[in-house]
Amino acid sequence: MNKMKNWTKRFAMTCLFFLALGATFQSISGVNAKSFIIQFTSKISSSKTVSGTTPPLEEAFDWSKYPKHTVTATGYTAGFESTGKKQGHPEYGITYSGVKVKRDLFSTVAADLTVFPIGTILFIPGYGYGVVADKGGAIKGNKLDLYYNSVEDVYKHWGKKQVDVYVIQNGNGKLTEEQLQALNEDKSLQVFRQQYTSSEKR
């Protein structure tokens, strides 16, 4: 009985927090987050944890409701092998948008900005959420570069793949550290965070 009460309280608080976060996101970015919020809160309420485990993001939501694009995705790092910059360079680890590269629940990715503008939020199966923050000379058309912390992680966890990605939110050409941080600190999605970061930190 106590578990049911705790779950009800947690769900109510999660919904309230998510609504507040959506309003904040909308006021900062000018993007209408209403449909995004409704989709996620409804899925959170309907998804059940089994034996204390959380389903993978790929199974937690109905991604077919979002526009789908087939892309060729490769992994990259902030290092010399990917960017030509070494640690100590003033632009080391800084994306075209101005935010620092990040591998997290919402990670920074590079795209052709005529296809996916800065700030576009994508769901990339096997990688997680990607926020377009960067561009690259070789990233033209339906191509993405997915950020990883190290070359070892690139080869171990991704390499190069053709994959269907889902456009959760179209970008408006801008992305700030505050927006990226707010996405990564969304409490309703923290149960999924370690699925995409813990294995790469070992």
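When Leu180, Leu175, Leu144 are checked against the criterion of being closer than 16 Å to Ser107 by Cβ, at pLDDT 95 or above, aliphatic (A, V, I, L, M) and assigned to a loop (DSSP other than H, G, I, E, B), Leu175 stands alone in meeting it. Scanning the range 126-154 for residues that are without any contact (Cβ under 8 Å) to a residue 24 or more places away in the chain and not charged (D, E, K, R) returns Gly137, Ala138.
Looking at the range 82-102, which of its residues are in contact with a Phe, Trp or Tyr (Cβ under 7 Å, 6 or more places away or on another chain), more than 19 Å from Leu144 (Cβ to Cβ) and surrounded by 13 or more Cβ atoms within 10 Å (Cβ to Cβ)? Residue satisfying the conditions is Lys85 alone.
Picking from residues in the range 124-141 that are among the charged types (D, E, K, R) and not in a strand (DSSP E or B), the one that is surrounded by the most Cβ atoms within 10 Å (Cβ to Cβ) is Lys135.
Each residue in the range 160-182 was checked for being surrounded by fewer than 17 Cβ atoms within 10 Å (Cβ to Cβ) and over 19 Å from Gly141 (Cα atoms), and 6 pass. One residue is enough: does the range 103-122 have a residue meeting the conditions touching a residue at least 60 places away in the same chain (Cβ under 8 Å), over 19 Å from Gln195 (Cα atoms) and loosely packed, with under 15 Cβ neighbours inside 10 Å? The answer is no; no qualifying residue exists.
Candidates in the range 147-172 are the residues that are assigned to a helix (DSSP H, G or I) and among the hydrophobic types (A, V, I, L, M, F, W, C); of these, the one that is nearest to Thr70 (Cα to Cα) is Val154. Going by the conditions given, is Val71 more than 15 Å from the chain's Cα centre (by Cα), aliphatic (A, V, I, L, M) and assigned to a strand (DSSP E or B)? Considered against the rule, which asks whether it is more than 15 Å from the chain's Cα centre (by Cα), aliphatic (A, V, I, L, M) and assigned to a strand (DSSP E or B), Val71 comes out as yes. Residue count for the range 183-198 satisfying the condition of being acidic (Asp, Glu) and either open to solvent by 50 Å² or more (accessible area, probe 1.4 Å) or part of a helix (DSSP H, G or I) (or both): 1. So is Leu146 within 19 Å of Leu57 (Cα to Cα) and aliphatic (A, V, I, L, M) or not? So Leu146 fits the description; yes. Look at the range 162-178: where a residue is of a type in the set (Ser, Thr, Tyr) and a partner is open to solvent by 40 Å² or more (accessible area, probe 1.4 Å), sitting 6+ places away or on another chain with Cβ atoms under 6 Å, you get Tyr166/Lys68.
The values are calculated or read from the model by the stated rules, or taken from the named source; none is laboratory data. All values derive from a computational prediction rather than experimental measurement. Neighbour counts run over all protein chains shown; Cβ positions are idealised from the backbone, glycine included. Heads up: the accessible areas ignore ligands, DNA and RNA and are worked out on the full protein's heavy atoms, side chains in. Shrake-Rupley method; radii C 1.70, N 1.55, O 1.52, S 1.80 Å.
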